[in-house]
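The values are calculated or read from the model by the stated rules, or taken from the named source; none is laboratory data. None of the values given here were measured: they were computed from a predicted structure. Positions of Cβ are generated from backbone atoms using ideal geometry, with glycine treated the same way; all protein chains shown enter the neighbour counts.
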Protein chains: 2
Amino acid sequence: MNDSELHHVVIIGAGFGGLAVAHQLAGAPVRITVIDQRNHHLFQPLLYQVGTASLATSEIAWPIRHLLRKRKEVTTLLAVVSGIDAARHEVLLEDGATVAFDTLVLATGARHAYFGHDEWESYAPGLKTLEDATSIRRRILLSLERAERETDPERRAALLTFVIVGGGPTGVELAGAIAELAHQNLAADFRRIDTRKTRVLLIEAGPRILPGFTADLSAYAHTAIERLGVEIQLGSPVSECSARGVVYGAHTVAADVILWAAGVRASPAAAWLDLAADNAGRVRVEADLTAPGHAEIFVIGDTATINAWKGKPAPGIAPAAKQQGVHVAGTIKRRLQGDARVRPFHYRHGGNLATIGKRSAVIDFGWIKIRGRLAWWIWGLAHIYFLIGLRNRLAVALSWLWIYTTGNRSACLITQVDHRPKPK
Amino acid sequence: MNDSELHHVVIIGAGFGGLAVAHQLAGAPVRITVIDQRNHHLFQPLLYQVGTASLATSEIAWPIRHLLRKRKEVTTLLAVVSGIDAARHEVLLEDGATVAFDTLVLATGARHAYFGHDEWESYAPGLKTLEDATSIRRRILLSLERAERETDPERRAALLTFVIVGGGPTGVELAGAIAELAHQNLAADFRRIDTRKTRVLLIEAGPRILPGFTADLSAYAHTAIERLGVEIQLGSPVSECSARGVVYGAHTVAADVILWAAGVRASPAAAWLDLAADNAGRVRVEADLTAPGHAEIFVIGDTATINAWKGKPAPGIAPAAKQQGVHVAGTIKRRLQGDARVRPFHYRHGGNLATIGKRSAVIDFGWIKIRGRLAWWIWGLAHIYFLIGLRNRLAVALSWLWIYTTGNRSACLITQVDHRPKPK
């Protein structure tokens with residue numbers, strides 16, 4: 001059989017879901033094309049540590065084609081998808097090229113969303129990409145640098161105020177890491193400002209932080225993060241983000257750095273397929289993760305929504321995307337063997353984890369709840385285990401060990417600001 | 001004595017020279033202000049390894065204020081200097097602020113220069129900053145990605161041609177590292193192109209590469225780098241760089257990636273002081289490294305030129321800048337003790353080093369010349385030794401060990417390209 005006669009699986013997006021499909025199809029009689037708009041797979045659970053100067057970008061990201069280099073039947077393309085022609089079975093690329101498919105897997109993820117206030121993005125960046133992380137790191141460090149040079153006390157206070165909008169795991173992890181950075185790690189570095197007095201404000205619209213956790217773990221995290229010096233404001237939807245700061249209820253807080261961890265919106269896969277989406281833009285997929293009306297198109301991960309967790313939607317976390325990828329690969333392999341039965345996807349929940357600074361965490365495995373230092377160690381070991389490759393495990397372990405024992409963060413770099421003098 | 005009555009030394013630039021002044025003034029009855037337009041000190045000798053995906057940015061750069069955090073008399077400012085008012089003893093900052101000094105040290109370095117063709121910079125970037133390095137890495141990797149998708153053979157050939165202009169140590173190190181990256185490390189990662197056929201062309205205007213080395217070491221390097229697959233073109237000044245490629249003599253080479261390692265130009269310190277400069281913009285300083293007519297202003301490193309090496313100019317390398325910094329600190333300390341005698345600076349040459357890929361190097365200590373694998377090990381150990389801090393030594397050693405044994409480079413990331421979909 002000629003290679004080009006093999007069943008062609010096209011996977012768009014090399015996140016946890018897309019890569020799981022590619023890995024599980026090893027050995028199947030298919031050829032595979034992986035398309036991503038970036039050249040790297042990103043370990044998003046640790047992205048906040050790049051944003052807060054603990055890890056380097058290369059410690060949590062790997063070139064996709066390198067991850068798949070031993071799979072000769074896999075072609076990786078760096079390209080931006082602009083649409084799908086479902087009738088002709090073609091993916092349309094932004095540069096005008098097309099890629100034909102027999103089976104298509106859409107695993108294109110999500111971006112942060114501003115509930116109809118896209119204009120807030122330039123004032124309150126979110127954290128989804130390496131660029132987001134280096135941009136957040138630059139904003140945090142530049143704000144401290146500017147405070148060191150500012151003489152007006154009011155402006156200085158605004159430069160020393162960091163606001164995090166959203167009390168989910170990302171917001172809590174960012175707030176904890178920023179508090180430790182300012183209150184502990186950088187305390188000896190400045191002469192005119194006292195970074196220990198930096199105000200770190202976590203604003204949550206709902207009645208408690210970490211709403212995905214049980215009430216007692218959420219209360220524990222509340223106390224633990226306050227102990228790190230984070231101020232928490234509950235029941236406070238933000239009504240404005242601007243260059244001046246944030247407004248919630250009747251309060252205005254002057255702040256130069258606002259970070260957004262309050263919501264995500266799926267990539268435009270639903271629009272590509274002209275399908276109904278939920279209010280976060282996710283495709284409501286069938287029980288077997290196919291797009292309604294398109295048996296040969298699967299949608300997984302943050303791009304899809306499915307009530308596959310005891311009647312509730314599967315959560316938007318890495319394990320859910322991976323399990324869906326494995327399920328889709330299984331379906332594809334069975335179909336190639338002539339078995340077209342629909343097997344519904346069921347999500348198996350491993351647990352919820354969130355860190356609170358570098359000494360504490362909360363973990364809810366369902367059957368057991370762990371909090372404090374032991375939870376932090378389990379969290380750390382689990383994340384090192386899930387990193388790809390021995391080299392990154394060693395590098396991240398070294399970085400963490402170093403920060404843990406010395407308090408010195410290794411990646412406090414302000415980059416991508418063009419300071420160069422104008423040519424004469 | 002009140003702190004503000006202490007003699008105030010202002011150091012502009014926290015490169016090797018500026019930091020040496022600050023370090024050597026420890027314990028002297030002075031207060032010090034260090035001004036830099038970036039927040040980090042950069043270990044430039046290893047910058048080409050960031051540009052060619054071997055090292056991460058944070059492995060060779062350190063926040064200046066962190067390096068000086070234990071010195072309570074040192075204030076670090078992130079600011080852009082726009083001029084010097086020598087009569088009023090004031091440094092002028094771009095934002096309108098001024099900093100008064102008793103003694104001023106200008107250690108502002110150099111940028112790459114295009115011999116009057118500044119318009120070449122966007123086509124042929126040089127390598128002086130972390131941003132330069134990540135930009136070069138992005139260009140190299142993107143060119144391979146585009147070649148993988150290109151169907152026109154002529155365009156594909158241009159995408160697989162890398163031109164390095166300038167055969168000094170930086171050009172040789174870049175060419176060797178790019179050849180290894182394309183011909184060895186990435187060979188298994190692509191499906192449609194054969195990266196082993198990538199053309200790496202090193203163009204040197206003079207009669208041999210590494211003109212600062214002896215003729216036999218230069219000849220050895222020539223052979224060694226050709227063995228890595230680099231094509232060398234000698235006696236060929238480049239007459240044009242454009243989006244199409246480079247022109248030298250009667251030849252035109254179509255290439256998407258052109259890297260510039262052919263010349264530098266000092267920062268505008270001479271213009272700030274209204275002093276004569278040599279043709280590379282460097283201030284011709286007095287024997288004690290003071291600016292002519294300004295006994296209280298020192299100019300060191302790549303910003304200055306002085307015939308302090310047996311009648312020849314001291315070279316533009318890190319050890320020369322460091323020695324000058326130490327000399328200046330000594331002069332300042334003696335002056336504070338009432339000893340105003342002029343002590344001329346003499347440069348002591350330690351040696352010349354250049355690497356050729358990851359298995360070979362040439363070293364000229366003067367009294368002994370070493371080449372090949374042993375030279376590479378000496379080069380590697382010397383550079384790890386000169387890195388700042390145990391953590392970075394461990395991290396770089398781990399990165400090198402990994403590349404050396406596995407051939408996998410850890411930092412093949414394309415970043416800072418805005419791929420995000422337009423908001424709907």
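Quick notes on this one:
- Single residue of segment B:391-411 satisfying the filter (β-branched (Val, Ile, Thr) and more than 22 Å from residue A:402 (Cα to Cα)) that is nearest to the other protein chains (Cβ to nearest Cβ): B:406
- Segment B:101-114 - residue that is out of contact with any helix residue (DSSP H, G or I) (no Cβ under 7 Å at 6 or more places or on another chain) and part of a strand (DSSP E or B) and, of those, surrounded by the most Cβ atoms within 10 Å (Cβ to Cβ): B:104
- Scanning segment A:317-333 turns up no residue that is touching a residue at least 40 places away in the same chain (Cβ under 8 Å) and more than 18 Å from residue A:19 (Cα to Cα).
- Residue within segment A:182-198 that is in a strand (DSSP E or B) and not assigned by TED's automatic domain parsing to the domain that holds residue A:313 present: no
- Scope segment A:288-328; condition touching a strand residue (DSSP E or B) at 6+ places or on another chain (Cβ under 6 Å) and of a type in the set (A, V, I, L, M); matching residues: A:289, A:291, A:297, A:299, A:304, A:328
- Within segment B:297-341, restricting attention to residues that are closer than 30 Å to residue B:214 by Cβ and among the polar types (S, T, N, Q), the residue that is surrounded by the fewest Cβ atoms within 10 Å (Cβ to Cβ) is B:307.
- Segment B:342-377: number of residues that are surrounded by 16 or more Cβ atoms within 10 Å (Cβ to Cβ) and either within 14 Å of chain A (Cβ to nearest Cβ) or aliphatic (A, V, I, L, M) (or both): 8
- Residues being more than 14 Å from residue B:299 (Cα to Cα) and assigned to a helix (DSSP H, G or I) - total across segment B:320-354: 5
- Residues located in segment A:23-34, provided they are under 20 Å from residue A:321 (Cα atoms) and assigned to a loop (DSSP other than H, G, I, E, B): A:25, A:26
The rows are residues; the columns are (1) on the phi > 0 side of the Ramachandran plot; (2) within 21 Å of the chain's Cα centre (by Cα); (3) of a type in the set (A, V, I, L, M).
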{"residue": "A:169", "(1), (2), (3)": "no, yes, no"}
{"residue": "A:187", "(1), (2), (3)": "no, no, yes"}
{"residue": "A:195", "(1), (2), (3)": "no, no, no"}
{"residue": "A:205", "(1), (2), (3)": "no, yes, yes"}
{"residue": "A:213", "(1), (2), (3)": "no, yes, no"}
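- The condition (being small (Gly, Ala, Ser) and outside the structural domain of residue A:228 (by TED's automatic domain parsing)) is satisfied by just one residue among A:330, A:389: A:330.
- Among residues of segment B:101-120 being among the charged types (D, E, K, R) and more than 16 Å from the chain's Cα centre (by Cα), the one that is nearest to the other protein chains (Cβ to nearest Cβ) is B:118.
- Segment A:378-412: number of residues that are exposed (fewer than 14 other Cβ atoms within 10 Å of the Cβ) and of a type in the set (Phe, Trp, Tyr): 2
- Within segment B:268-313, the residues that satisfy the criterion of being within 21 Å of the chain's Cα centre (by Cα) and in a helix (DSSP H, G or I) are B:269, B:270, B:301, B:302, B:303.
- Which numbered condition residue B:20 fails, given (1) surrounded by 21 or more Cβ atoms within 10 Å (Cβ to Cβ); (2) outside any loop (DSSP other than H, G, I, E, B); (3) within 14 Å of chain A (Cβ to nearest Cβ); (4) not β-branched (Val, Ile, Thr): (3)
- Tally, over segment A:130-170, of residues that are away from chain B (no Cβ under 14 Å), over 30 Å from residue A:63 (Cβ atoms) and crowded, with 22+ Cβ neighbours inside 10 Å: 8
- Any hit, segment A:115-125, residues being touching a helix residue (DSSP H, G or I) at 6+ places or on another chain (Cβ under 8 Å), in contact (Cβ under 8 Å) with a residue 40 or more places away in the chain, surrounded by 21 or more Cβ atoms within 10 Å (Cβ to Cβ) and small (Gly, Ala, Ser): no
- Single condition residue A:214 does not satisfy, out of (1) away from chain B (no Cβ under 14 Å); (2) surrounded by 17 or more Cβ atoms within 10 Å (Cβ to Cβ); (3) in contact (Cβ under 8 Å) with a residue 40 or more places away in the chain: (2)
- All positions within segment A:73-111 that are under 28 Å from residue A:263 (Cβ atoms), without any contact (Cβ under 8 Å) to a residue 40 or more places away in the chain and not charged (D, E, K, R): A:82
- In the set (1) under 23 Å from residue B:280 (Cβ atoms); (2) outside the structural domain of residue B:324 (by TED's automatic domain parsing); (3) of a type outside the set (Lys, Arg); (4) at pLDDT 95 or above, the condition left unmet by residue B:21 is number (2).
- Scanning segment A:245-268 turns up at least one residue that is of a type in the set (Val, Ile, Thr), within 14 Å of another protein chain (Cβ to nearest Cβ) and under 26 Å from residue A:317 (Cβ atoms).
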